[in-house]
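The block underneath contains the structure these notes are about, expressed in structure tokens.
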Amino acid sequence: MQNRGTSNFSTLSTRRLQRSLWPTALVVSVFQLTGCASTPPPMTGFLGDYSKLVKDNDGALRYIDPELRRYSGFIVAPVQIRTQRTPPVLDREERAEVARYMHDSLRKVLREVGFRLTETPGSEIGLIRVAITDVQKSKWYLNLHPVTKLTGAGLGGASMEGEVVDSVTGKQLAAVVQSGKGNQFELDTFSELDDVKDVIDDWAEAAGKRLKELRERPER
């Protein structure tokens, strides 16, 4: 028969081990969750053509025409806000703020990677059209608690549709439909729109990187 003292010690040790492993298991589950590909948002009809979109590794729907590599400059059209939530998530000032931030972020990144910005259509000039199709505000106060911060509770995010078309012919050269969430490990999120802006920054940087890589890729 098992000694009661030995049994109690075994149970106590097991409980201590479980408590010590819980934070590690939680961290692992969070990273597994944040590493999963996102689901693309519903299509809204903003894009001129959805038929060529293909699901990418990150869950977004994308299409890129190899001819886009020949384009040296871009017009960035005013960003539209096409959120369908009722009641509206954003008031008039916030809609203008988000649209302006997306527009300015795209222009900034394109300039940084060496593309010419213009307002005049012409040969090898692309027109970039973007619509923000959904917005989820941050519940930033949840980031003040270690557990809710670690699990990402209260994160905000956004969805968008965008395309590049030839500024003269209107031919679609690239398109994307995608969603994104903020980063629960950010330390400076104290606004309801901070996560939305972080997602926009990620989108703009990714777009600039793809265009730069496409331009530098040897023509076959």
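For ASP202 and THR120, a Förster radius of 25 Å and the Cβ-Cβ distance give a FRET efficiency of 0.25, rounded to the nearest 0.05. Once the chain from LYS212 to ARG111 is taken as fully extended at 0.36 nm per residue, the excess over their C-alpha distance is 35.3 nm. Semi-axes of the equivalent ellipsoid of the stretch 38-216 are 30, 16, 16 Å, computed as sqrt(5λ) over the eigenvalues of the C-alpha gyration tensor in descending order.
For a protection proxy built on the mean count of beta-carbon atoms within 10 angstrom, sort 64-75, 171-182 highest first, please. Display every interim value, and only then the final one.
On the way: 64-75: 16.2, 171-182: 21.3.
Packing proxy ranking, top to bottom: 171-182, 64-75.
A simple spin-label model places pseudo-atoms 7 Å from Cα toward Cβ; at GLU97 and ASP58 they are separated by 2.5 nm.
We did not get these values from a lab; they are worked out from the coordinates using the rules stated. The structure presented is a predicted model; accordingly, all values stated were derived computationally and were not measured. Here Cβ is always computed from backbone atoms with ideal geometry, including for glycine, and neighbour counts include all displayed protein chains.
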